[in-house]
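What follows is a set of notes on a single structure, which appears directly below.
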Amino acid sequence: MDKISGKVTTDTISFAEFKNHDGEIVSIRGYVHRIREMTGFSFVIIRTARDTVQCVYAPEFSDYRWDEKICEEACVKVTGKVVSSKDAKGNDRYELQIHNVEILSLPADRLPIVINKKQLDNIGLSTVLDLRPVSMRNPKERAIFKLQEGIARGFREYLMKEGFTEIRSPKIVFAGAEGGTNIFKLDYFGKQVYLAQSPQLYKQALVGVYERVFEIAPVFRAEHHDTSRHLNEYTSMDFEMGFINGFEDIMNTEVGVLKYIMNLLKTEYKEEVELLHADIPEINEVPVMKFMDAKELLMTKFKYKPQDMKDFDPAEEELLGKYAKKELGSDFIFITHYPSKKRPFYTKDDPNDHEYTLSFDLLFRGMEITSGGQRINDYHEQVEKMVKLGMDPEQFDTYLMLHKYGAPPHGGLGIGLERLTMHMLGAKNVREATMFPRDINRVTP
Ligand code: AMO
């Protein structure tokens with residue numbers, strides 16, 4: 001009887017392992033990325049899971065004779081001898097002298113775009129997105145999302161080390177958590193429900209269970225406008241922590257998370273960082289400014305005339321980003337104490353001034369990437385605020401179980417993964433940092 005052991009055996013190695021096999025015969029598998037015929041030999045670049053490997057075909061290397069059926073995007077297993085040479089900087093450079101090519105599959109058609117250049121040249125973003133399953137085969141394009149993996153991985157690793165529990169909250173929900181009109185309504189067997197705008201109500205409930213929780217998951221916002229910073233579905237990296245001394249604990253945890261992420265990218269995602277020329281920020285300490293002080297600064301220093309004294313528009317965020325960089329030497333700046341009128345119902349008001357809240361946003365290179373703050377944990381205070389805002393507390397009775405049956409002082413935040421990635425790449429549009437973006441005009445691929 002056949003039995004499954006749980007071990008996948010393979011007779012191929014990765015490019016990273018070449019250094020341990022100098023002079024030996026090994027096999028690799030991947031796509032034929034590019035063939036360059038020279039006089040008397042050919043360069044055959046094989047695209048493996050994370051690398052592009054230079055292989056060389058020449059008749060003198062073995063008895064193997066090139067099969068003319070092999071074309072770009074053919075899936076192959078290449079066997080050959082690992083040879084090393086030094087590059088201009090004296091680093092070891094490895095290539096494979098081809099002894100055999102086994103064809104595993106041949107494409108049925110030619111690619112609609114050229115993907116085997118360093119980057120996708122002269123192709124508009126909309127075409128890149130239309131063709132994502134293949135445009136992402138381009139090394140630079142795929143590196144974006146490998147880097148993004150590193151960001152989410154860093155978030156998870158750091159928080160787990162800090163005693164947070166990973167949670168999964170539902171995405172079909174009974175009510176919106178963030179207010180506003182950007183909520184998707186859903187017919188749920190005749191009943192109206194919604195797509196979750198955030199895991200807010202659930203992460204708070206779970207503070208009452210695990211004290212510290214986090215989630216990395218999609219959230220949904222029915223954005224009615226086509227902007228370069230809004231998606232209809234994005235990945236929210238959330239955490240929530242109990243028994244805090246103040247919302248500074250949340251900001252400190254975020255700075256700790258970000259430092260860990262940046263370090264991880266610089267070490268374990270070095271190749272992607274280099275390929276993308278990603279600008280990984282240095283973080284020591286992040287400056288903090290109160291909302292009204294920031295407004296004052298915009299009006300006095302920058303002579304800006306704000307349209308809305310309760311929030312910032314993108315131009316104001318950009319100016320504050322420039323100020324943080326130039327005057328304070330930081331890519332990041334925390335803005336705290338947002339007006340109560342603009343923050344959701346769960347936000348705790350500043351006990352010293354009820355017009356403002358114990359909340360913050362984090363701006364990165366002039367764009368909001370995080371909102372967070374301390375929450376109301378007293379039952380009566382929460383019910384009172386809901387009533388004041390015209391909400392029906394009864395509709396939120398399951399949410400209010402947290403407060404009714406005892407909640408510690410707590411707070412948390414949500415980071416938009418795509419926006420954070422976007423500004424590390426210096427991209428102009430958040431879609432460039434979104435694998436399969438959903439916006440008002442796009443639900444495919
Ligand atoms: P907020 O609604 O400000 O806060 O969202 C948090 C962060 O999510 C990102 N973001 C978006 N990214 C892409 N497309 C969008 N349409 C979009 N909307 C928001 C931004 C933003 O800073 N529950 C609170 C967080 C908390 O207090 O814990 C919340 O969701 O980077």
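A few comments on the model shown:
- With a simple spin-label model that places each label point 7 Å from the Cα along the Cα-to-Cβ direction, the separation between D2 and N252 comes to 5.7 nm.
- The chymotrypsin sites (Phe, Trp or Tyr not before Pro) of segment 201-274 meeting both criteria, a DSSP state outside H, G, I, E and B (loop) and at most 16 other C-beta atoms within 10 angstrom of the site's C-beta, are F243.
- If only the Cβ of Lys and Arg carry +1 and only the Cβ of Asp and Glu carry -1, the dipole of segment 15-105 around its Cα centre is close to 260 debye.
- Gyration tensor (alpha-carbon) shape descriptor, segment 55-101, a/c threshold 1.5: prolate
- FRET efficiency estimate (nearest 0.05) - Cβ-Cβ, Y405 to E166, R0 22 angstrom: 0.40
- Karplus-derived 3J(HN,Hα) values for segment 105-116, using 6.51 cos²θ - 1.76 cosθ + 1.60 with θ = phi - 60°, are 6, 10, x, 7, 8, 7, 4, x, 9, 7, 10, 9 Hz; glycine and proline are entered as x.
- Per residue, the average separation of C-alpha pairs within less than 8 Å and at least 6 apart gives segment 184-332 a relative contact order of 14 percent.
- Value at 222 nm in deg cm²/dmol, rounded to 500, when DSSP H runs of n ≥ 4 in the chain each add -39,500 (n - 2.57): -8500 deg cm²/dmol
- Whether segment 181-257 is rounded, prolate or oblate, judged on the alpha carbon gyration tensor where a/c under 1.5 counts as rounded: oblate
- Debye-sum result for the chain in log10 I(q)/I(0), which assumes one identical scatterer on each alpha carbon, at q = 0.09 Å⁻¹: -0.71
- Computed FRET value (nearest 0.05) for E296 with D121, which takes r as the C-beta separation and R₀ as 51 Å: 0.65
- Pairs from K305/K325; K290/K310; K203/K428; K203/K404; K203/K259 whose Cα-Cα separation, in the structure shown, is over 20 Å: K305/K325; K203/K428; K203/K259
- Length added when fully stretched, E37-T444, from 0.36 nm per residue minus Cα-Cα: 142.8 nm
- Alpha-carbon Rg with Dmax, taken over segment 276-402, Å: 17.0, 52
- A simple spin-label model places the labels of K341 and K326 3.1 nm from each other, with each point 7 Å out along Cα-to-Cβ.
- Value of relative contact order over segment 80-167, rounded to a whole percent, pairs C-alpha under 8 Å and six or more apart: 17 percent
- Square roots of five times the Cα gyration tensor eigenvalues for segment 15-105, Å: 20, 15, 13
- For segment 74-89, the residues whose backbone nitrogen is under 11 Å from a point 7 Å from the Cα of H21, taken along Cα to Cβ, are 78-83.
- Segment 54-195: C-alpha gyration tensor shape, a/c 1.5 cut-off, then a/b vs b/c: prolate
- Relative contact order of the chain, pairs being alpha-carbon contacts under 8 Å that are 6 or more residues apart, as %: 13 percent
- Qualifying aspartates and glutamates (Cα of each under 20 Å from Cα of K86; at least 8 residues distant if same chain): E17, D22, E24, D51, E95, E271, E274
- Distance between the pseudo-spin-label points of Y64 and L389 (7 Å out from Cα toward the beta carbon): 6.4 nm.
Read-outs throughout are calculated quantities, based only on the coordinates presented, and are distinct from any laboratory measurement. Please read all numbers here as calculations on a predicted model, not as lab measurements. Every residue, glycine among them, receives a Cβ derived from its backbone with ideal geometry; neighbour counts consider all protein chains shown.
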